[in-house]
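A short write-up of the structure that comes next.
The values are calculated or read from the model by the stated rules, or taken from the named source; none is laboratory data. This one's a predicted model, so the numbers in the text were calculated from it and none came from an experiment. Note that we place each Cβ from the backbone using ideal geometry, even for glycine, and neighbour counts take in every protein chain shown. Only protein heavy atoms, including side chains, enter the accessible area calculation; ligands, DNA and RNA are left aside. Shrake-Rupley method; radii C 1.70, N 1.55, O 1.52, S 1.80 Å.
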Amino acid sequence: MFASVTSAALVGVEPCPVRVEVDVSGRTRAFTIVGLPDAAVREARERVRSAIASTGHHFPSRVVTVNLAPADLPKVGSAYDLPIALGVLAASGEVPRAVTDVVAIGELALDGTVRPARGGLAAGIVARRSKSPCLVSAGGFTEAAMSGGDVRGVRSLAHAVAVALGEDAAAAPPAEVEVADPVPDLAAVRGQTLARRAVEVAAAGGHHLMLMGPPGAGKTMLARALPGVLPDLTQSEGLEVAQAYAAAGRPPPTGPRPPFRSPHHSATMAAILGGGSGVPVPGELTLADRGVLFLDELAEFPVHLLDALRQPIEEGRVHIARKGASVSFPCRIQLVAATNPCPCGYRGDERTPCRCSPASIDRYRSRLSGPLLDRFDVRVPVPRVAVDELLGPPGEGSAAVRARVTVAREAQRERGAPNSVLTREHLDRLTWTPDSERLLRTAMDRLGLTGRGWDRVRRVARTIADLAGSAVVTGDHVAEAMALRGSA
Amino acid sequence: MTAAQTRGERLALAFLGLHPDRKRKLLDRFGTPGDLMAAVRRGRVEGIGSEAAIPAEQCREAIGACGCRVMMLGDPDYPGALAGIEDPPDVLFVVGSVPLEVGVGVVGTRRSTRYGTRIATAYGEAIARAGWPLVSGLARGVDAAAHLGTVAGNGIGVAVLGSGPDITYPREHRPLRDRLVEMGGAAITEYPPGTPPHGWRFPPRNRIISGLSAAVVVVEAAVTGGALVTAARGLEQGRVVFAVPGDIDREASAGCNRLIRDGAVPVFEAADLMEALSLVMGPPRSPPEPVPTPDGESPESDLVLSEGTTVEALGRRLGVAGSALVALIGRLEAHGAIRRDGEWLLPGH
């Protein structure tokens, strides 16, 4: 007797249907799983056997063969327990064959309880595409339901059979937990005229942002505020983000805010780019897809790691080749970096003397140069705020800034590309007022602006014009862009 | 012994590169420089090998090779104020030209805060514009900031070194030193060419800084450190000592605050210092030049900063905020009216 149940696996971050085929035949007792299972999948035999016994059904005393197709795709984890159990029950004639008309995913406890497993979202998407109901654990409901498919939460194997046959209602979805928005509001940042404006401009044009200042000046808070002024994710973007999180085996972020990831500088290459043994999992780059990757203490990151970031950030995808599996993950991120002005952090501070030797400052600075640094269009100092400014009125809130950013992004969408990727040819074709051109020329003469620096200023100036709703770039826009370009 | 021979012996003695205290003790024991050098040549002075005695001709060659010249106590161009102190250096190695008139010493810690460097530069510039020479030690921190003020104010600066005239310490201040010399100032030292900057050589040179000055201004100083040595030597030499007050709980100002408690004159902003200095130095030699206004393409470029400020402070002063303030800063910088250093806005050229 033969039965098959659909489940799902992830290829990179893409969900892929997996057919769980069960054949029950012969007279001897045997239970084999084939189709590149890992150890956890193979151990499904023991869990499935106990779980079936707990429902009161008989585990067949015959040769049970399970094939996970496509057979060449590596399967990992305990997520196939539920579809295997359903397949065994159907193939041995214990329950009606109709139980197999579902997409199922979930780990089984020995007493038959269904536990959440990785891949719930992928199963939901597979189910939506095949227009079948999707059975997941009650705990995994929220994640799978993001797919928009017909997701049903089940408590136990017996409950799963009943739900699949339409004999019982699905478990009630867990109550929505209201999570406080963890994104700090820009209103909390006082003073910091340059840095506040830099966050707004970076958000509006998708420019990578560099913040430089002493410890405690508020660099991290400014970086964390950035997702709050970015436009909210659309439904499909939110699903992409959830898929990346699912692939990394993490709960997806709640709410429509773009993700914010802040890996520590001691993180490994694999943790940031993605990888790991066996099937590659997404790294921080991919978890920050459609959002913000924040590198605090940029100079502390190993140079080879920063070099490795450059190409994926430009391409928006990171390619990972491992023995047996080669995948690519999306990483359309906005980079925010923070750095101290020197190793001790107090160079240029009003009150605390800097303890660094000039040689160590040079060494520190040299780590901050190179090709990746060129990608930061907006660079601003973040000084420690004077007390009278801390006591001053709060700044403009994130919501008002976000409204302007959204309009500016819309203008760029109409032109075809975000300003952060404009090339010199694009920039030359834009309309510049005579005043703006004069100012650019003056700056080139006086400040020794290089060709690349010139393009950076022009890209940012275009964004500032978009924020002002202006079709042409004026002198004021260029002047602001120059103030946000940092030094050198 | 002829006068020329005596000069040769004094030069050879200077080339031993001794600590001034040791030199004085040896002279007390042996008599004249000639007697002392004779003893050295015979190997009679413990700790100094006979090979250390270099013939006068070789000394002169070494001096010529490093492009400096020699000034001896009693020479007509030897600075009078320095000659009057208790233990003036017998021989000075000079690059550039030492001003005849007495100057103002500006000293402070090498570990300065932004507060200290800002004030030192402002003082340096004001002193330069008053036409008084500024004397300092070319060290990191306050010293260098004061010298930078001299350059900004187009004045005369004297850097007193703790090494030979051919060595600049710290090395990265070589361009600053060259600029001072180009502008009519000097780098001077009592140590012969080739002397490395040993730590023990610096305290003695502080008596030269105060010796060349009618007043010593301590901008920022910890309780230990060379700046307080300079102030102490200045007091012994009868110089007026000024000190810039700072937070009482800040290490970098503790020395200054203590000086004030012990009777140093507290000074505040540059104008206050100039008023106090004019009592010591007499009226400024050259009236402060009117600051040229840049050719105004926009009304903002008329703005001239007299000292460093922050973005927010400038905004408050001009009543501008937000993106208008950001644009203003970009324009001011493009027109050269301001320079930026990190979060600081500094006066343009």
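In this structure, B:Phe93 does satisfy being aromatic (Phe, Trp, Tyr) and under 19 Å from the mean Cα position of the chain (by Cα). Taken over segment A:10-42, the criterion of being touching a Pro at 6+ places or on another chain (Cβ under 9 Å), more than 24 Å from A:Gly124 (Cβ to Cβ) and open to solvent by 40 Å² or more (accessible area, probe 1.4 Å) is satisfied by A:Arg29 alone. Of all residues in segment A:339-393, those satisfying the criterion of being closer than 25 Å to A:Leu186 by Cα, of a type in the set (A, V, I, L, M, F, W, C) and surrounded by fewer than 17 Cβ atoms within 10 Å (Cβ to Cβ) are A:Ala386, A:Val387, A:Leu390, A:Leu391. Taken together, the residues in segment A:334-361 that are free of Cβ contacts under 8 Å to residues at least 12 places away in the same chain, outside any loop (DSSP other than H, G, I, E, B) and more than 7 Å from chain B (Cβ to nearest Cβ) amount to 1. Against the conditions (1) buried (at least 24 other Cβ atoms within 10 Å of the Cβ); (2) under 20 Å from B:Cys256 (Cα atoms), where does B:Glu125 fall short? Just the number, please. Going through (1) buried (at least 24 other Cβ atoms within 10 Å of the Cβ); (2) under 20 Å from B:Cys256 (Cα atoms) one by one, B:Glu125 breaks only (2). State whether one or more residues within segment A:471-488 are more than 12 Å from chain B (Cβ to nearest Cβ), at pLDDT 85 or above, farther than 25 Å from A:Leu211 by Cα and surrounded by fewer than 19 Cβ atoms within 10 Å (Cβ to Cβ). Checking segment A:471-488: at least one residue is more than 12 Å from chain B (Cβ to nearest Cβ), at pLDDT 85 or above, farther than 25 Å from A:Leu211 by Cα and surrounded by fewer than 19 Cβ atoms within 10 Å (Cβ to Cβ). Considering segment A:398-436, and only residues there that are open to solvent by less than 80 Å² (accessible area, probe 1.4 Å), within 14 Å of chain B (Cβ to nearest Cβ) and of a type outside the set (A, V, I, L, M, F, W, C), the residue that is farthest from the chain's Cα centre (by Cα) turns out to be A:Asp435. Of all the criteria given as (1) of a type outside the set (D, E, K, R); (2) part of a loop (DSSP other than H, G, I, E, B); (3) over 12 Å from the mean Cα position of the chain (by Cα), the one not satisfied by A:Leu222 is (2). Looking only at segment A:104-145, which residues are modelled with pLDDT under 90, outside any loop (DSSP other than H, G, I, E, B) and charged (D, E, K, R)? Result: A:Glu143, single match.
Scan segment A:233-275 for residues that are within 10 Å of the chain's Cα centre (by Cα), part of a strand (DSSP E or B) and more than 21 Å from A:His208 (Cβ to Cβ) and the total you get is 0. Those helices (runs of 4 or more DSSP H) of segment B:11-107 in which at least 1 residues are at pLDDT 90 or above and under 30 Å from B:Glu275 (Cβ atoms), considering only elements entirely within it, cover B:80-83. Here A:Val382 qualifies as within 30 Å of the chain's Cα centre (by Cα), under 30 Å from A:Ala308 (Cα atoms) and within 14 Å of another protein chain (Cβ to nearest Cβ). For segment A:450-459, the count of residues that are within 12 Å of chain B (Cβ to nearest Cβ), in a helix (DSSP H, G or I) and open to solvent by less than 20 Å² (accessible area, probe 1.4 Å) is nonzero. The single condition among (1) free of Cβ contacts under 8 Å to residues at least 60 places away in the same chain; (2) surrounded by fewer than 24 Cβ atoms within 10 Å (Cβ to Cβ) that A:Val241 does not satisfy is (2). Put simply, of B:Gly164, B:Gly149, B:Gly131 the only residue that is assigned to a helix (DSSP H, G or I) and either open to solvent by less than 10 Å² (accessible area, probe 1.4 Å) or in contact (Cβ under 8 Å) with a residue 60 or more places away in the chain (or both) is B:Gly149. Inclusion of A:Thr193 among residues that are buried (at least 24 other Cβ atoms within 10 Å of the Cβ), in contact with a Gly (Cβ under 8 Å, 6 or more places away or on another chain) and without any contact (Cβ under 8 Å) to a residue 40 or more places away in the chain is warranted.
Taking (1) free of Cβ contacts under 8 Å to residues at least 40 places away in the same chain; (2) under 34 Å from the mean Cα position of the chain (by Cα); (3) more than 30 Å from A:Phe329 (Cβ to Cβ) in turn, A:Arg47 satisfies each apart from (1). The set of residues in segment A:276-325 being among the small types (Gly, Ala, Ser), part of a loop (DSSP other than H, G, I, E, B) and surrounded by fewer than 17 Cβ atoms within 10 Å (Cβ to Cβ) consists of A:Gly276, A:Ser277, A:Gly278, A:Gly316, A:Gly324. Residues in segment A:14-57 that are part of a loop (DSSP other than H, G, I, E, B) and within 22 Å of A:Arg115 (Cα to Cα): A:Asp38, A:Glu43, A:Thr55, A:Gly56, A:His57. Strands (runs of 3 or more DSSP E) fully within segment B:167-286 that include at least 2 residues being open to solvent by 30 Å² or more (accessible area, probe 1.4 Å): none found. Specify which of the listed residues (B:Val151, B:Val223, B:Val181) is in contact with a strand residue (DSSP E or B) (Cβ under 7 Å, 6 or more places away or on another chain) and either of a type in the set (A, V, I, L, M) or over 25 Å from B:Gly64 (Cβ atoms) (or both). Step by step, each of B:Val151, B:Val223, B:Val181 is checked, and only B:Val181 is in contact with a strand residue (DSSP E or B) (Cβ under 7 Å, 6 or more places away or on another chain) and either of a type in the set (A, V, I, L, M) or over 25 Å from B:Gly64 (Cβ atoms) (or both).
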